[in-house]
Amino acid sequence: MKQQKFVRVFMFVVLFVIALGCSAVSRAQGSLPRIAFRDRNLANGMRVLSAVDHSSPTVAIQVWYHVGSKDDPAGRSGFAHLFEHIMFKATKNMKSEMMDRLTEDVGGFNNAFTNADVTVYYEVVPSNYLETLLWAEADRLSGLTVDQPNFQSERSVVEEEYRQSYLAPPYGMLEYLIEQQSFIAHPYKRPTIGSIEDLDAASLENVRAFHNTFYRPDNATLVVAGDFDPKQLDAWVDKYLAPIAKPSIALPRVNVKEPERTAERRITHYASNVPLPAIALTYLTPSQKNPDAAALRVAATILAQGESSRLYRSLIYEQQVAQSADATPDLREDASVFYFNLVLASGKKPEEGERALLAEIAKMQDAPVAAAELDKAKNQLVTNELRQRETSNGKALSLGEAAVLLGDPNRVNTDLAQLQAVSAADVQRVMKKYFTAANRLVIYYLPKTEQSTSYLRSSEDQTRRVMGGQGR
Amino acid sequence: MSINKVPNVALISLGLLVTLFVTPLSTKAQVATPQATPPPPAMPRSAQFPKPVEKTLGNGLRVIVVERHGSPLVAAQLLVTNGAEVDPPELAGLGNMTANLLTKGTEKRSATQIAEAIEALGGSLDASARWDSSRVGVNVMSSKIGPALEILSDVVRRPTFKEDEVERLRQQTLDDLTVELGQPGSIARYVAARIVFGDAPYGQPLAGTPQSIARIDRKDVVTYHGRFYRPDNAILVLGGDLKAANGFKLAQQYFGDWSKPSTPLPVMPVSKLPASASPRVVVIDKPDAGQAAVLLARTGIRRKDPDYYQGLVTNSMLSGYSGRLNQEIRIKRGLSYGAGSTLDTRREVGPFLASAQTKNQSAAEVAGLLLSEIDRLSSAAVPDLELTPRKAVVIGNFARNLETASGLVAQVASLALYGIGFDEINRYITNVQGITAGDVQKFAGAHLAASNASIIVVGNAKEFLPALRKQFPQVEVIPVAEMDLNSALLRTKQQSN
């Protein structure tokens, strides 16, 4: 969106793919500087990762809670994300929005995001405010005191977020369907944003229960990156975070296993405000911890990053069958979903788009990618990661992801080797293994007003259509 | 979409600058445990800004290099100092099509070869026209900046604009517009530009309309490129992990023999605002809109207005997470995911826009809140307790924008484009700090008066029209099917209701 975003925003898969998609180190010219970090485990179960960088007098503070929308309570889809918003309301020692006073008002900023697996809170402040922010993070981990009016008001904000992300933009509901329809058993089938109905049903009691269950030191990882003195950090961590007691109750974990798909499934969805028909194909792939994840990232890059990518070149440039074409390896903790989405070029039928896309997938299965194409993809992935690591906050994101989602903070420095080791044969192998008809979900996303008409139109029709939006 | 942009923080600092004038929070002694109040900040650390250096090549090309080492990345941007504002009225979108076509073929590379070459380096070429400039940018590892600049130079200097590429891009642009005009927020911004600037250049849709895009042919593109893409009308900015001497050497190598045409430089158009820009209240009725976009629009100021800093701080009173618009609309009332404003300063007077998206039923309430907040700013002085943190926000954002190679280059490019000296970077903080509550009130009264503001609402009119009409009896309703962005009339037919 062109409008500036200044909100605690719902983290939608794509960003995470960028963050997750690119842990990389390199040999030769494209080498990533190592992130030197310290790893502390407190007695209450909290993990503290820190990386010093004095090049700027700022510091990034992140708290990763290992709880995401897959942990939404029954009948409360969207709750983990709603809860994220509530964490900026009143706590024991802070009034609502005090986090903004401690960050924005001194020239810093804060934000947070929720996805299927994690909820992450972050602040970037002038480094002399580090102690203040550690105090504040400790305070909201210790408990919330939000009242009913503030709760309801923030719930309305989240409902507007739902509308802004999914109802207002033309293909918002297609994104929603991809999330919702790709899984049938695992709670990943609940989109992170949830539903208005379930959000309306959420209560303050749910907030208290959720905090008690998941917001605890043994479910939290603190990441500090930037300008600080390690000894002083240790002392402040000992003072503010170490005293928070670990609850004795067990931490619930989702252990539903998504069954393998056995036959292709097809869905046609008719919606209003669909300027051009669109399609999506989704394939289940394993957890991001699976060694195949690296080859899947490389495959997605070859397929869809940039104008030299295979989908751009074939579907958009040569055949002109698509207005846009994306491939996303949406890597997740328990099981991943690799999806393609195409918006069709005007006058093109969804069947044509699907055929063209399947042909490109088949090419990746039938022959190994060229060495130059493979190198290009690796260069793109390394450069993406370098850009992320230009900032302390970006470095902290890479570190937190490695620790919390990949289970080992060292992977922030070792994953590149894994990526560099991906061969053309690996890419071909994963393409053959996962991109089968039986493992495919096909979604046609079509305009409601044209439920029974042809998509072929002349360019004059096209013009009228642009001017006329979705005319009834 | 609601992607949380990963913020960029790196080398430049905000510590000192900001904390200098922000009173440490609450050191009020309380009897409580050490945890009851936030610990105060420590002593701030000082900050340093990188210093751009500049040379002009023999052909008139301005070259600026700004070093900042630490991350092995370099960003480069070639600006032509004209963009969509010089599009002929019937050919809106010409500048943007020209920029987009640069990467679609040169004398020695096809479109596909260009994409392959630059992406093999890990980067991509981003070419587009904006208001006041056309830009081609690239961001790569420092080890690859030489080959990247060779490609950048090739596309800027030797594009072939093949007929089939023009046709392909025309179709793509039409489809892109089709998708974009499905967004209530996009429609609202296009309509706002027409209302504020009428038929003057900034009133045109930057990427054109379906009708104007249909009219543009290869000859127009070649003419645009010939007139404006010349070294004495361009600026090259390099920033990040490279030495200035090396930057100048690369510039000479790839742009030194770009010959300057013998014809004089094109004359800049003079801004012509509509003679009587009387405010309007316009509803674009889009019955399938899942949310309404509400926009307040009026003229703002030029980039070189002497009140620029007053404008920045005044806008920040309204905008940003804790700005008044978001306070009133999101935080207090839960009516939107986010409300804010922009003071878009350009070579000539640009727009001031305040906006929020909300459920259709609350669109009238949000319109009223936008207006009353703008109004409140000129009717009463802001308390210092509110002003000081908003100035910190402006300074913090400025410093963070300089923290990545691409952000640094964008900032320097903007100063260069508008002919502002680079020492401005070091004066920025002092200038912001010097703004008083009186300045804000004066600026709001002189430049942002609500009485001259138009309101645009794009959404399902039947949900909000009765309430809106009570506040604004003069409201014009245009069904989206009859909306016409080609003129300030905004509609294809006579009003029928």
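Placing unit charges on the Cβ atoms only, positive for Lys and Arg and negative for Asp and Glu, gives the protein assembly as shown a dipole magnitude near 480 debye about its Cα centre.
What is the list of residues in the range A:265-294 whose amide nitrogen lies under 11 Å from a point 7 angstrom out from the Cα of A:R429, following Cα to Cβ? Output list for this probe position: A:291-292.
Bridging of B:K286 to aspartates and glutamates at a Cα separation below 13 Å is possible for B:E463, B:E482, once same-chain residues fewer than 8 apart are set aside. Kirkwood hydrodynamic radius of the range B:53-255, from the reciprocal of the average inverse Cα-Cα distance over all distinct pairs: 17.7 Å.
By the beta-carbon count within 10 Å of each Cβ, the least crowded to most crowded order of B:L121, A:L204, fewest first, is A:L204, B:L121. At q = 0.12, 0.23 Å⁻¹, what log₁₀ I(q)/I(0) does the range A:50-145 have when each alpha carbon counts as one equal point scatterer in the Debye sum? For the requested q values the scattering log ratios are -0.40, -1.19. Think of chain B as having a plus end and a minus end, set by charges on the Cβ of Lys, Arg, Asp and Glu; of B:N246, B:A399, B:M43, B:M43 sits farthest toward the positive end of this dipole. The ranking of A:S423, A:S309, B:S362, A:S324 by Cβ neighbour count inside 10 Å, starting from the fewest, reads A:S423, A:S324, B:S362, A:S309. Amide hydrogen proximity for A:V59: with H placed 1.01 Å from N in the peptide plane, the residues at 5 or more positions away or on another chain lying under 5 Å are A:V125, A:S127, A:D227. Counting lysine pairs in the range A:13-241 that sit 8 or more residues apart in sequence, or on different chains, and whose Cα atoms lie under 25 Å apart gives 6. Given in Å, the Rg to one decimal and the Dmax to the nearest whole number for the Cα atoms of the range B:281-482 are 18.0, 53. Less than 28 Å apart at the alpha-carbon level, and either on another chain or at least 8 residues along: which lysines does that give for B:K104? Straight-distance partners of B:K104: A:K2, A:K348, A:K349, A:K363, A:K376, A:K378, B:K144, B:K162, B:K219, B:K249, B:K260. When only Cα pairs below 8 angstrom with a gap of at least 6 residues are kept, chain B shows a relative contact order of 21 percent. What share of Cα pairs, in percent, lie more than 34 angstrom apart in the range A:13-241? In whole percent, the share of Cα-Cα pairs in the range A:13-241 beyond 34 Å is 19.
Hey, if you drop one equal point scatterer on each alpha-carbon of the range B:226-355 and run the Debye formula without solvent, what base-10 log of I(q)/I(0) do you get at q = 0.12, 0.13 Å⁻¹? Normalising to I(0) and taking log10 leaves -0.80, -0.87.
For the protein assembly as shown, the mean projected area of the C-alpha convex hull, equal to one quarter of the hull surface, is 36.1 nm². Each listed q (0.16 Å⁻¹) maps to a log10 I(q)/I(0) for the range A:237-284, found by the Debye formula over equal Cα scatterers with no solvent: -0.74.
Report D for the range A:265-468 in µm² per second (integer): Stokes-Einstein, Kirkwood Rh on Cα pairs, 37 °C, 0.692 mPa s.
The calculation lands on 178 µm²/s.
Stretching A:D200 away from A:A36 to a fully extended chain increases their span by 54.5 nm, per 0.36 nm per residue minus the current alpha-carbon distance. Estimated translational diffusion coefficient (Stokes-Einstein, Kirkwood radius over Cα pairs, 4 °C, 1.567 mPa s) of chain A: 55 µm² per second. Prolate is the label for the range B:419-491, because the ratio a/c of its alpha-carbon gyration tensor axes (a ≥ b ≥ c) is 1.5 or higher and a/b is greater than b/c. Compute the Cα gyration tensor for the range B:272-331, then decide on rounded, prolate or oblate, letting a ≥ b ≥ c be the square roots of its eigenvalues: rounded whenever a/c is under 1.5, prolate when a/b is larger than b/c in the other cases, and oblate in all that remain. Because a/c hits 1.5 or more and a/b fails to exceed b/c, the range B:272-331 counts as oblate. With the cut-off at 1.5 for a/c, could you classify the range A:308-379 from its C-alpha gyration tensor as rounded, prolate or oblate? Here the range A:308-379 falls in the oblate category. With the simple model of a label 7 Å out from the Cα in the direction of the Cβ, B:K462 to B:K332 spans 3.3 nm. Listed by chain and number, the aspartates and glutamates placed with their C-alpha closer than 16 angstrom to that of A:K395 are A:D39, A:D53, A:E123, A:D227, A:E385, A:D408, A:D415, B:E403; residues fewer than eight positions away on the same chain are left out. Shielding by partners for peptide A:129-135, expressed as the average number of C-beta atoms from other protein chains within 10 Å of each residue's C-beta, is 6.
A Cβ-based charge dipole, computed about the Cα centre of the range A:265-468 with Lys and Arg at +1 and Asp and Glu at -1, lands at about 280 debye. Across peptide A:394-406, the average count of Cβ atoms from other chains found within 10 Å of a residue's Cβ is 1. For the protein assembly as shown, the residue among B:W258, B:A193, A:V157 whose Cα projects farthest onto the positive side of the dipole built from Cβ charges is B:W258. Entry note, chain A: relative contact order of 23 percent, from Cα contacts under 8 Å with a spacing of 6+ residues.
Its DSSP H runs of at least 4 residues, each contributing -39,500 (n - 2.57), put the calculated 222 nm mean residue ellipticity of the protein assembly as shown at -11000 deg cm²/dmol, to the nearest 500. In chain B, taking the dipole from charged Cβ atoms about the Cα centre, the farthest positive-side position among B:L335, B:G323, B:P279 is held by B:G323. Going from the fewest other Cβ atoms within 10 Å to the most, the residues A:T282, A:T58, A:T213, A:T91 appear in the order A:T213, A:T91, A:T282, A:T58. Normalised by residue count, chain B yields a Cα convex hull volume of 167 Å³ per residue. About the centre of its Cα atoms, the range B:281-482 shows a dipole size close to 160 debye [charges on the beta carbon of Lys, Arg (+1) and Asp, Glu (-1) only; nearest 20 debye]. Measuring r between the beta carbons of A:A371 and B:K470 and using R0 = 51 Å, the FRET efficiency lands at 0.15.
What the Cβ-Cβ distance of A:R253 and A:K363 gives, at R0 = 51 Å and to the nearest 0.05, is a FRET efficiency of 0.80.
Throughout, read-outs are computed from the coordinates displayed, never taken from laboratory work. Since the structure is predicted, the reported quantities are computational estimates derived from the model, not experimental observations. Neighbour counts are summed over all protein chains in view; Cβ atoms, including those assigned to glycine, are modelled from backbone coordinates with ideal geometry.
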